[in-house]
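Colleague: Below is one structure. I have some questions about it.
The values are calculated or read from the model by the stated rules, or taken from the named source; none is laboratory data. Just so we're clear, the structure is a prediction, and the values are computed from it rather than from any experiment. Methodologically, a virtual Cβ is constructed for each residue, glycine included, from the backbone with ideal geometry; neighbour enumeration extends over all protein chains shown. SASA here: full protein model, heavy atoms, side chains in, ligands and nucleic acids out. Shrake-Rupley method; radii C 1.70, N 1.55, O 1.52, S 1.80 Å.
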Amino acid sequence: MNRLTMSSFAIFLSIGMWSCQQSSTSNKEKTQELVSLPDSVQFRDTIKGEEVSLYTLRNKNGMEVALTNFGARIVSLLVHDKDGVCRDVVLGFSKAADYHNPTEKYFGPVVGPFGNRIANGKFSLDGVEYTLPVNNGPNTLHGGLDGLHFQVWEARYLSDKAVEFTCSLSDGQEGFPGNRAIKVVYSLSDDDELIIDYEGKTDKKTVLNLTNHAYFNLNGEGSGTILNHQLQIFADKFTPVDSTLIPTGELRDVKGSAFDFTILKEIGRDIEQDDEQLKFGKGYDHNFVLNGTKHEAYNYACQLVGDQSGIVMDVYTEEPGVQFYSGNFMSDKVTLKNGATDSFRTGLCLETQHFPDSPNQPSFPSTEVAPGQLYKTKTIYKFSTK
Ligand code: BGC
């Protein structure tokens, strides 16, 4: 190699390594070629009479995230794999309007004010019963029909690596008490972490349980099943559910069951076992009780590894639980950014949270928030390769 070729090679390598706008020419899979963030002009739209746009962040290593103020969603997350090739590890859409779809509502948003289910759409606080719209069998799921995922949030950049979304919910909106102010900040660190800070305040006692409902595929959006990903969950117990996916109140040992992810295991290994809980969930759709394993000040929730990409995602949180949902209801209903459809189990969610139906389960950690109290919680998704 002459000097000129050597230096062009070095430039090519460094572009390939550090910019997610480029991709390796040796890459065979169409889904991974020229992966880039969606075009912000084509993305933009007006939803519910308000402007919806794309907000992008980038760290010094070239990791990038695109977010939108419709539902404070993650649209794309570009991460380098073990060969330095960039992959978009979050499933989403290239146009804002595609997110305003009543059948497939939960691609990448903040869900709330109460993530996951509340039994029969009812709960009581200080002797007052509140009734919510039911939208999932007999239950209320993810804050009801018009939860945080369907709100147009205010957005502002805090820096080139952080964006803040704010949203107000009025007293009685979707049945929940309190005029509430919700704030979510997404930031990227130079250690390849996507950090989500959630805050909430209310003027009347209420319940809050905020999480993010990104569908991850660490081999890249549209690259097939997640069943060969490996997962470790730092939980010795999970909360078994009834046939409508409401926790029974029991904390059950995972040991010896399909729910044992205490060491890294392929997601597909036990998913077809003859197990009542797997039947109720149509696969994994359960809350795991984090066992107190720590990473710095946070609960170490789980580690996910992409079998083809070698991308590792570690999840650290201040929450006591994580909902592992293995994409069991995905069924080719929508077209994703790269043209693939949302096929069965081609994405999975790891939703850090308080336990489902907590407002009706006194033995679970409380989700109540009183006036004057600041609801505040943080979750970190840290990316690396192996
Ligand atoms: C729930 C699933 C539900 C899904 C909707 C998950 O958080 O646990 O039961 O189908 O959200 O996308």
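Colleague: When ligands, DNA and RNA are left out and all protein chains stay put, how many square angstrom of accessible area per residue does region 230-376 have with a 1.4 Å probe?
Modeller: 39 Å²
Colleague: Then there is this: Once every DSSP H run of n ≥ 4 in the chain is given -39500 (n - 2.57) and the sum is divided by its residues, what mean residue ellipticity at 222 nm do you get, rounded to the nearest 500 deg cm²/dmol?
Modeller: Using -39500 (n - 2.57) per qualifying helix, the result is -2000 deg cm²/dmol.
Colleague: Can you pull the percent of the chain's accessible area that's carbon plus sulfur, 1.4 Å probe, other chains left in place?
Modeller: 50 percent
Colleague: Compare 69, 299, 287 in a GNM of the chain, Cα atoms joined below 10 Å, and give the one with the largest fluctuation.
Modeller: 299
Colleague: Shifting gears a bit: Considering all alpha-carbon pairs of region 230-376, what whole percent are spaced by more than 23 angstrom?
Modeller: 39 percent
Colleague: If you build a Gaussian network model of the chain, linking Cα atoms that sit under 10 Å apart, which residue out of 330, 63, 313 swings the most?
Modeller: 330
Colleague: Next up: Using the reciprocal of the averaged 1/r over all distinct C-alpha pairs, how large is the Kirkwood radius of the chain in Å?
Modeller: The answer is 21.2 Å.
Colleague: Going through region 236-330, which trypsin sites (Lys or Arg not before Pro) have at most 10 other Cβ atoms within 10 Å and a DSSP loop state?
Modeller: 255
Colleague: Taking Rh as the Kirkwood radius, which is the inverse of the mean 1/r over Cα pairs, what is the Rg/Rh value for region 61-148?
Modeller: With Rh from the inverse mean 1/r over Cα pairs, Rg/Rh is 1.14.
Colleague: Working from Cα positions, state the angle (0 to 90°, nearest 10) between the long axis of helix 3-18 and the longest principal axis of the chain.
Modeller: Orientation of helix 3-18: about 10 degrees from the principal axis.
Colleague: Mean-square fluctuation check for the chain, GNM, Cα pairs under 10 Å: which of 199, 104, 174 is largest?
Modeller: It is 104.
Colleague: Under the rule of at least 5 residues apart or a separate chain, name every residue whose amide H is placed under 5 Å from the amide H of residue 301.
Modeller: 315, 316, 317
Colleague: In percent, how large is the relative contact order of the chain, given Cα pairs closer than 8 Å and 6 or more residues apart?
Modeller: Reported relative contact order: 16 percent.
Colleague: What number comes out for accessible area per residue over region 160-228 if the probe is 1.4 Å? Units Å², please.
Modeller: Normalised by residue count, the accessible surface of region 160-228 is 28 Å².
Colleague: To the nearest Å, what is the center-to-center distance of region 348-370 and region 62-120, using C-alpha atoms only?
Modeller: 22 Å
Colleague: May I pose another question? Restrict the search to region 297-358; then list the trypsin sites (Lys or Arg not before Pro) that DSSP places in a loop and that have at most 15 other Cβ atoms within 10 Å of their Cβ.
Modeller: 333
Colleague: Give me the accessible area of residue 295, 1.4 Å probe, in Å² rounded to the nearest 10.
Modeller: 50 Å²
Colleague: Return the distance in nm (one decimal) between the two label points of a simple spin-label model at residue 376 and residue 97, each offset 7 Å from Cα along Cα→Cβ.
Modeller: 4.2 nm
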